[in-house]
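K.L.:
Take this structure first; my questions come after.
Please treat every number below as a calculation from the coordinates, not as lab data. Since this is a predicted model, take the numbers as computed values, not measurements. As a convention, Cβ positions derive from the backbone with ideal geometry for all residues, glycine included, and neighbour counts pool all protein chains shown.
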């Protein structure tokens, strides 16, 4: 699928006709052939843009700039708390920009304080949108973590704990991705004039470099918090199980004690008692005595286990 964009009134707008920005989303064989032959994109760079495990990089080709950056993949319920990242390839020519990605990701979302007057500015906008996309996913991870923590504190099951492990794994992906983007942004900042960026654009690059550094710090903080508290949360699950086992043991002893006395007394003595008294009184007295003995046994054992 191909989406076309154009710069209009300082913004990137999607258009139906010819555009200066072409976004190839999960390109098929014909579209890949078009990218290789018509746009002159190297096959290795094309495969890198579609490889989720590719490391981000920025290179200067003879007629265009290659920028491979990492973006979070759209999350869905089937992912089961696992947030992944994808690669996006941006190929900046003198009069056009070609974007290659495996999923339909938002490219130009997010508010910004600068006007887009060139394709170089559009590239900065893509980087800025990527940072905001990471921040949005981090907020979702934070909310999921709080909800899972509450369920772990009241549950004996391991499934919520496994979900926390999955979130921690997601933060590892995010940490590597944001760190990779940070390295490419720094390289872009140091070679801005060489890559054709204006002085005003360089100031914007400084701003997004700071935003990306804050995002990186936030990912590191979340990752350290989850990693440091996983052992404690596992202990909570184990402690909840121990509490339930103690209660079950107290109930079992409370049931066994009256059963023990009934067995020791024997049915012969109880038969004599029922012959001397009405059967309802006999069975009622025996049941009441058993209940009292069982309750007292449960209370004593429960108090003992609490200490």
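K.L.:
Would you mind ranking 190, 133 so that the residue whose beta carbon has the fewest other beta carbons within 10 Å leads the list?
P.N.:
On the way: 190 10, 133 20.
Listing 190, 133 from fewest to most nearby Cβ atoms yields 190, 133.
K.L.:
Ranked by Cβ crowding within 10 angstrom, fewest neighbours first, how are 151, 38 ordered?
P.N.:
On the way: 151 14, 38 10.
The fewest-first ordering by Cβ neighbours comes to 38, 151.
K.L.:
Moving to a separate point now. Would you mind classifying region 1-113 by shape? Square roots of the alpha carbon gyration tensor eigenvalues, ordered a ≥ b ≥ c; an a/c under 1.5 is rounded, otherwise it is prolate if a/b is larger than b/c and oblate if not. Before the final figure, lay out each step's value.
P.N.:
Values: a/c = 1.56, a/b = 1.17, b/c = 1.34.
Judged from the Cα gyration tensor, region 1-113 comes out oblate (a/c at least 1.5, b/c at or above a/b).
K.L.:
Taking the Cα-to-Cβ direction at residue 146 and at residue 244 and moving 7 Å from each Cα, how far apart do the two end points lie in nm?
P.N.:
2.7 nm
K.L.:
Would you please classify the overall shape of region 2-240 from the alpha carbon gyration tensor, given that a ≥ b ≥ c denote the square roots of the eigenvalues, rounded means a/c under 1.5, and beyond that prolate means a/b larger than b/c while oblate covers the rest? Don't jump to the answer; show the numbers that get you there.
P.N.:
On the way: a/c = 2.42, a/b = 1.94, b/c = 1.25.
Verdict is prolate for region 2-240.
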